Amino acid sequence: MSALLVIGDVVTDVVARYRPPLAPATDTAARIRTLPGGAGANVACWAARSRGNEVRILARVGRDRASWHEESLRRAGVRPLLVRDPEAPTATVVALVGADAERTFLTDSGAALRLAPADWSPGLLDGVGHLHLSGYLFYAATSGETVSLALAAALERGIPVSVDPASAGFLAELGVDRFLTAARGVQVLLPNAEEAALLTGRTGPAEAAAELSRRFPLVAVTLGARGALVAAAGRVVARVPAPAVRAVDTTGAGDAFTGAFLAARLSGAGPAQAAAAGCDAGARAVTLVGGRPV
(Lines give C-alpha, C1' and ligand atoms only; values in the text may rest on other atoms or scores of the structure.)
Protein backbone atom coordinates (compact mmCIF):
# COMPACT_ATOMS: atom_id res chain seq x y z
CA MET A 1 0.00 0.00 0.00
CA SER A 2 1.14 3.57 -0.68
CA ALA A 3 2.19 6.04 2.00
CA LEU A 4 0.41 9.04 3.47
CA LEU A 5 2.50 12.21 3.55
CA VAL A 6 1.42 14.95 5.95
CA ILE A 7 2.92 18.42 5.62
CA GLY A 8 2.10 20.26 8.78
CA ASP A 9 3.08 21.43 12.21
CA VAL A 10 4.87 19.74 15.09
CA VAL A 11 4.14 21.51 18.36
CA THR A 12 4.96 21.27 22.03
CA ASP A 13 1.61 21.34 23.85
CA VAL A 14 1.31 22.64 27.38
CA VAL A 15 -2.12 21.40 28.48
CA ALA A 16 -3.59 23.03 31.58
CA ARG A 17 -6.80 21.43 32.85
CA TYR A 18 -8.70 23.39 35.48
CA ARG A 19 -12.10 22.94 37.10
CA PRO A 20 -12.92 26.18 38.93
CA PRO A 21 -13.33 29.33 36.82
CA LEU A 22 -10.07 31.13 36.04
CA ALA A 23 -9.34 33.63 38.80
CA PRO A 24 -7.83 36.87 37.43
CA ALA A 25 -4.74 38.27 39.16
CA THR A 26 -4.26 35.21 41.40
CA ASP A 27 -3.83 31.41 41.30
CA THR A 28 -6.17 28.85 39.77
CA ALA A 29 -5.44 25.21 40.61
CA ALA A 30 -4.75 23.14 37.48
CA ARG A 31 -3.24 19.87 36.28
CA ILE A 32 -0.53 20.71 33.74
CA ARG A 33 1.23 18.38 31.32
CA THR A 34 3.73 18.98 28.52
CA LEU A 35 2.95 16.74 25.55
CA PRO A 36 3.86 16.39 21.87
CA GLY A 37 1.21 17.86 19.60
CA GLY A 38 0.50 19.92 16.51
CA ALA A 39 -2.39 19.47 14.11
CA GLY A 40 -0.28 17.90 11.35
CA ALA A 41 1.61 15.62 13.72
CA ASN A 42 -1.59 14.56 15.46
CA VAL A 43 -3.18 13.68 12.12
CA ALA A 44 -0.14 11.59 11.21
CA CYS A 45 -0.20 9.73 14.53
CA TRP A 46 -3.90 8.91 14.34
CA ALA A 47 -3.48 7.79 10.73
CA ALA A 48 -0.58 5.53 11.72
CA ARG A 49 -2.72 4.05 14.51
CA SER A 50 -5.47 3.31 12.01
CA ARG A 51 -3.54 1.67 9.20
CA GLY A 52 -0.68 -0.75 8.77
CA ASN A 53 1.57 1.01 6.28
CA GLU A 54 3.75 4.08 6.15
CA VAL A 55 2.82 7.55 7.37
CA ARG A 56 5.32 10.38 7.02
CA ILE A 57 5.34 13.99 8.21
CA LEU A 58 7.34 16.95 6.91
CA ALA A 59 7.57 19.82 9.40
CA ARG A 60 9.99 22.38 10.78
CA VAL A 61 10.97 22.40 14.45
CA GLY A 62 13.49 24.14 16.65
CA ARG A 63 16.63 22.47 17.85
CA ASP A 64 15.33 22.72 21.43
CA ARG A 65 12.80 19.87 21.13
CA ALA A 66 13.66 18.18 17.83
CA SER A 67 14.96 14.88 19.23
CA TRP A 68 12.04 14.54 21.66
CA HIS A 69 9.52 15.09 18.86
CA GLU A 70 11.29 12.69 16.51
CA GLU A 71 11.28 9.98 19.15
CA SER A 72 7.59 10.46 19.98
CA LEU A 73 6.62 10.34 16.31
CA ARG A 74 8.59 7.15 15.72
CA ARG A 75 6.97 5.53 18.75
CA ALA A 76 3.60 6.36 17.18
CA GLY A 77 4.60 4.64 13.94
CA VAL A 78 5.23 7.85 11.98
CA ARG A 79 8.34 8.50 9.90
CA PRO A 80 9.51 12.02 10.87
CA LEU A 81 10.99 14.28 8.21
CA LEU A 82 11.78 17.16 10.53
CA VAL A 83 13.80 20.19 9.46
CA ARG A 84 15.72 21.74 12.36
CA ASP A 85 15.46 25.51 12.35
CA PRO A 86 18.73 27.20 13.38
CA GLU A 87 17.00 30.26 14.86
CA ALA A 88 13.37 29.75 15.91
CA PRO A 89 12.21 27.45 18.71
CA THR A 90 9.69 24.66 18.25
CA ALA A 91 6.12 25.93 18.09
CA THR A 92 4.36 25.92 21.46
CA VAL A 93 0.66 25.93 22.27
CA VAL A 94 -0.79 26.50 25.72
CA ALA A 95 -4.17 24.74 25.83
CA LEU A 96 -6.50 25.90 28.58
CA VAL A 97 -9.05 23.14 29.12
CA GLY A 98 -12.05 23.85 31.33
CA ALA A 99 -14.39 21.55 33.21
CA ASP A 100 -16.53 21.22 30.06
CA ALA A 101 -13.48 19.75 28.22
CA GLU A 102 -13.48 22.66 25.74
CA ARG A 103 -10.14 24.28 25.09
CA THR A 104 -8.74 27.71 24.36
CA PHE A 105 -5.36 27.97 22.66
CA LEU A 106 -2.49 30.40 23.12
CA THR A 107 -0.22 29.84 20.13
CA ASP A 108 3.44 30.65 19.50
CA SER A 109 4.05 29.36 15.97
CA GLY A 110 7.82 29.36 16.38
CA ALA A 111 9.53 27.35 13.65
CA ALA A 112 6.36 25.73 12.31
CA LEU A 113 5.39 28.48 9.87
CA ARG A 114 9.01 28.88 8.73
CA LEU A 115 8.76 25.67 6.66
CA ALA A 116 10.49 26.93 3.54
CA PRO A 117 10.49 26.05 -0.18
CA ALA A 118 14.04 24.77 0.29
CA ASP A 119 12.66 22.19 2.74
CA TRP A 120 10.46 20.76 0.01
CA SER A 121 11.44 18.37 -2.77
CA PRO A 122 9.12 16.62 -5.25
CA GLY A 123 11.02 13.45 -4.38
CA LEU A 124 9.21 13.46 -1.05
CA LEU A 125 6.15 12.28 -3.00
CA ASP A 126 7.85 9.05 -4.10
CA GLY A 127 5.71 6.15 -2.89
CA VAL A 128 2.97 8.49 -1.62
CA GLY A 129 -0.68 7.75 -2.35
CA HIS A 130 -2.15 10.79 -0.60
CA LEU A 131 -0.88 14.20 0.49
CA HIS A 132 -2.46 15.99 3.46
CA LEU A 133 -1.78 19.66 4.15
CA SER A 134 -2.37 21.24 7.55
CA GLY A 135 -4.24 24.50 7.13
CA TYR A 136 -1.99 26.27 9.63
CA LEU A 137 0.72 26.44 6.98
CA PHE A 138 -1.53 28.49 4.69
CA TYR A 139 -1.50 31.38 7.15
CA ALA A 140 2.09 32.59 6.70
CA ALA A 141 3.91 33.63 3.55
CA THR A 142 6.89 31.26 3.79
CA SER A 143 4.99 28.09 4.70
CA GLY A 144 2.17 29.08 2.35
CA GLU A 145 4.61 29.15 -0.56
CA THR A 146 5.92 25.73 0.46
CA VAL A 147 2.51 24.06 0.57
CA SER A 148 1.69 25.67 -2.77
CA LEU A 149 4.71 23.94 -4.30
CA ALA A 150 3.76 20.63 -2.70
CA LEU A 151 0.16 20.91 -3.86
CA ALA A 152 1.21 21.66 -7.43
CA ALA A 153 3.67 18.74 -7.46
CA ALA A 154 1.06 16.33 -6.12
CA LEU A 155 -1.56 17.43 -8.65
CA GLU A 156 0.98 17.04 -11.46
CA ARG A 157 1.55 13.44 -10.36
CA GLY A 158 -2.16 12.72 -9.91
CA ILE A 159 -1.83 12.29 -6.14
CA PRO A 160 -4.99 13.32 -4.27
CA VAL A 161 -4.64 16.12 -1.73
CA SER A 162 -6.65 16.97 1.38
CA VAL A 163 -6.66 20.09 3.55
CA ASP A 164 -7.93 20.80 7.05
CA PRO A 165 -8.45 24.58 7.43
CA ALA A 166 -7.33 24.11 11.06
CA SER A 167 -8.27 27.46 12.63
CA ALA A 168 -11.29 29.70 12.17
CA GLY A 169 -9.39 32.54 13.82
CA PHE A 170 -6.39 32.35 11.48
CA LEU A 171 -8.72 31.72 8.52
CA ALA A 172 -10.59 34.96 9.25
CA GLU A 173 -7.28 36.85 9.43
CA LEU A 174 -6.06 35.43 6.12
CA GLY A 175 -9.37 35.95 4.34
CA VAL A 176 -11.72 33.38 2.82
CA ASP A 177 -10.94 34.28 -0.78
CA ARG A 178 -7.20 33.94 -0.27
CA PHE A 179 -7.62 30.56 1.38
CA LEU A 180 -9.92 29.23 -1.33
CA THR A 181 -7.51 30.42 -4.01
CA ALA A 182 -4.57 28.74 -2.27
CA ALA A 183 -6.56 25.49 -1.91
CA ARG A 184 -7.61 25.32 -5.56
CA GLY A 185 -7.21 21.76 -6.85
CA VAL A 186 -7.63 20.12 -3.44
CA GLN A 187 -9.88 17.06 -3.65
CA VAL A 188 -10.83 16.62 0.04
CA LEU A 189 -11.68 19.43 2.46
CA LEU A 190 -12.04 18.63 6.17
CA PRO A 191 -13.35 21.68 8.08
CA ASN A 192 -15.22 21.85 11.35
CA ALA A 193 -18.63 23.51 11.43
CA GLU A 194 -17.25 26.95 12.36
CA GLU A 195 -14.71 26.87 9.54
CA ALA A 196 -17.32 25.65 7.05
CA ALA A 197 -19.63 28.51 8.04
CA LEU A 198 -16.83 31.03 7.65
CA LEU A 199 -15.87 29.66 4.22
CA THR A 200 -19.44 29.85 2.90
CA GLY A 201 -21.32 32.42 4.96
CA ARG A 202 -23.94 29.76 5.73
CA THR A 203 -24.71 29.02 9.36
CA GLY A 204 -26.28 25.60 8.77
CA PRO A 205 -23.59 22.88 8.61
CA ALA A 206 -25.50 20.87 5.98
CA GLU A 207 -25.90 23.90 3.71
CA ALA A 208 -22.26 24.85 4.20
CA ALA A 209 -21.06 21.32 3.47
CA ALA A 210 -23.17 21.11 0.32
CA GLU A 211 -21.92 24.45 -0.94
CA LEU A 212 -18.28 23.59 -0.30
CA SER A 213 -18.70 20.31 -2.19
CA ARG A 214 -19.42 22.31 -5.35
CA ARG A 215 -15.84 23.57 -5.10
CA PHE A 216 -14.12 20.51 -3.54
CA PRO A 217 -15.09 17.01 -4.74
CA LEU A 218 -15.39 15.56 -1.23
CA VAL A 219 -16.14 17.48 1.97
CA ALA A 220 -16.42 16.13 5.52
CA VAL A 221 -17.59 18.64 8.13
CA THR A 222 -17.02 17.65 11.75
CA LEU A 223 -19.72 18.56 14.28
CA GLY A 224 -18.08 17.57 17.55
CA ALA A 225 -20.29 15.32 19.66
CA ARG A 226 -22.91 15.36 16.89
CA GLY A 227 -20.66 13.47 14.46
CA ALA A 228 -19.97 14.56 10.89
CA LEU A 229 -21.55 15.38 7.54
CA VAL A 230 -20.19 14.17 4.22
CA ALA A 231 -21.01 16.08 1.04
CA ALA A 232 -20.25 15.60 -2.65
CA ALA A 233 -21.47 17.19 -5.87
CA GLY A 234 -23.48 19.84 -4.07
CA ARG A 235 -25.41 17.68 -1.62
CA VAL A 236 -25.01 15.92 1.71
CA VAL A 237 -24.53 12.22 1.07
CA ALA A 238 -24.04 10.94 4.65
CA ARG A 239 -24.74 11.97 8.23
CA VAL A 240 -22.56 10.01 10.63
CA PRO A 241 -23.16 10.01 14.40
CA ALA A 242 -20.38 10.07 16.96
CA PRO A 243 -20.18 7.51 19.79
CA ALA A 244 -21.33 8.88 23.14
CA VAL A 245 -18.37 9.29 25.51
CA ARG A 246 -17.37 11.32 28.55
CA ALA A 247 -15.01 14.01 27.27
CA VAL A 248 -12.05 15.17 29.33
CA ASP A 249 -10.13 17.19 26.70
CA THR A 250 -11.27 18.05 23.16
CA THR A 251 -7.75 18.97 22.03
CA GLY A 252 -6.96 17.13 18.80
CA ALA A 253 -10.40 15.60 18.25
CA GLY A 254 -10.61 17.03 14.75
CA ASP A 255 -7.08 15.82 14.01
CA ALA A 256 -8.07 12.33 15.13
CA PHE A 257 -11.06 12.43 12.78
CA THR A 258 -8.87 13.54 9.89
CA GLY A 259 -6.17 10.94 10.48
CA ALA A 260 -8.60 8.03 10.75
CA PHE A 261 -10.68 9.33 7.82
CA LEU A 262 -7.65 9.51 5.54
CA ALA A 263 -6.36 6.13 6.66
CA ALA A 264 -9.73 4.55 5.91
CA ARG A 265 -9.90 6.18 2.48
CA LEU A 266 -6.40 4.95 1.63
CA SER A 267 -7.51 1.45 2.63
CA GLY A 268 -10.41 1.61 0.18
CA ALA A 269 -13.29 2.75 2.40
CA GLY A 270 -16.12 4.82 1.00
CA PRO A 271 -16.74 8.36 2.30
CA ALA A 272 -19.42 7.39 4.84
CA GLN A 273 -17.37 4.47 6.18
CA ALA A 274 -14.31 6.71 6.42
CA ALA A 275 -16.31 9.34 8.29
CA ALA A 276 -17.52 6.67 10.73
CA ALA A 277 -13.89 5.69 11.36
CA GLY A 278 -13.10 9.35 11.88
CA CYS A 279 -15.94 9.80 14.37
CA ASP A 280 -14.78 6.74 16.31
CA ALA A 281 -11.25 8.16 16.52
CA GLY A 282 -12.53 11.61 17.49
CA ALA A 283 -14.61 10.09 20.27
CA ARG A 284 -11.58 8.20 21.51
CA ALA A 285 -9.48 11.37 21.37
CA VAL A 286 -11.70 13.40 23.69
CA THR A 287 -11.31 10.79 26.42
CA LEU A 288 -7.53 11.39 26.45
CA VAL A 289 -5.45 14.34 27.60
CA GLY A 290 -3.65 15.89 24.63
CA GLY A 291 -4.05 15.37 20.91
CA ARG A 292 -2.32 12.03 20.29
CA PRO A 293 -3.48 8.40 20.56
CA VAL A 294 -2.09 6.35 23.42
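Brief remarks follow.
- Cα-derived Rg over Rh, computed across the stretch 191-294 with Rh taken as Kirkwood radius: 0.97
- Rg then Dmax, both in Å and based on the Cα atoms of the stretch 114-273: 15.4, 45.
- The trypsin sites (Lys or Arg not before Pro) of the stretch 120-212 meeting both criteria, a DSSP state outside H, G, I, E and B (loop) and at most 15 other C-beta atoms within 10 angstrom of the site's C-beta, are R184.
- The chain - charge dipole about Cα centre, Lys and Arg +1 at Cβ, Asp and Glu -1, debye rounded to 20: 720 debye
- Residue-averaged 222 nm ellipticity for the chain, from DSSP H runs of 4+ at -39500 (n - 2.57), nearest 500: -10000 deg cm²/dmol
- With only Cα atoms counted, the stretch 11-151 has Rg and Dmax values of 16.6, 54 Å.
- Histogram of C-alpha separations across the chain, 5 Å bin width, %: 1, 6, 13, 18, 20, 18, 14, 7, 3, 1, 0, 0
- Sparse-neighbour loop sites [trypsin sites (Lys or Arg not before Pro); the stretch 203-232; at most 10 other C-beta within 10 Å; DSSP]: none
- For the chain, the relative contact order comes to 18 percent (Cα pairs under 8 Å, sequence separation of at least 6).
- Projecting the Cα atoms of L113, Y18, L288 onto the charge dipole of the chain (Cβ charges, centred on the Cα centre) puts L288 farthest toward the positive pole.
- Charge-dipole axis of the chain as Lys and Arg at +1 and Asp and Glu at -1 on Cβ define it, positive-most pick from A242, V55, A150: A242
- Sequence-separation-based contact order of the stretch 1-151, relative, with Cα cut under 8 Å and 6+ spacing, percent: 30 percent
- For the stretch 201-294, size of Cβ-based charge dipole, Lys and Arg +1, Asp and Glu -1, in debye: 140 debye
- The stretch 67-121, dipole about Cα centre (Lys/Arg Cβ +1, Asp/Glu Cβ -1), debye to the nearest 20: 240 debye
- Apportionment of accessible area to carbon and sulfur, the chain, percent (1.4 Å): 50 percent
- Projecting label points 7 angstrom from Cα along Cα→Cβ for V176 and A30 puts them 3.4 nm apart.
- A Cα-only calculation for the stretch 74-204 places Rg and Dmax at 15.9, 47 Å.
- The residues of the chain expose on average 43 square angstrom of accessible surface per residue, using a 1.4 Å probe on protein heavy atoms.
The values are calculated or read from the model by the stated rules, or taken from the named source; none is laboratory data. Only a predicted model underlies this, so the values are computations on that prediction, with no experimental measurement involved. In this analysis, Cβ positions are derived from the backbone assuming ideal geometry, glycine residues included, and neighbour counts consider all displayed protein chains. Each accessible area value is taken on the protein alone, full model and side chains, heavy atoms only, with ligands, DNA and RNA left out. Shrake-Rupley method; radii C 1.70, N 1.55, O 1.52, S 1.80 Å.
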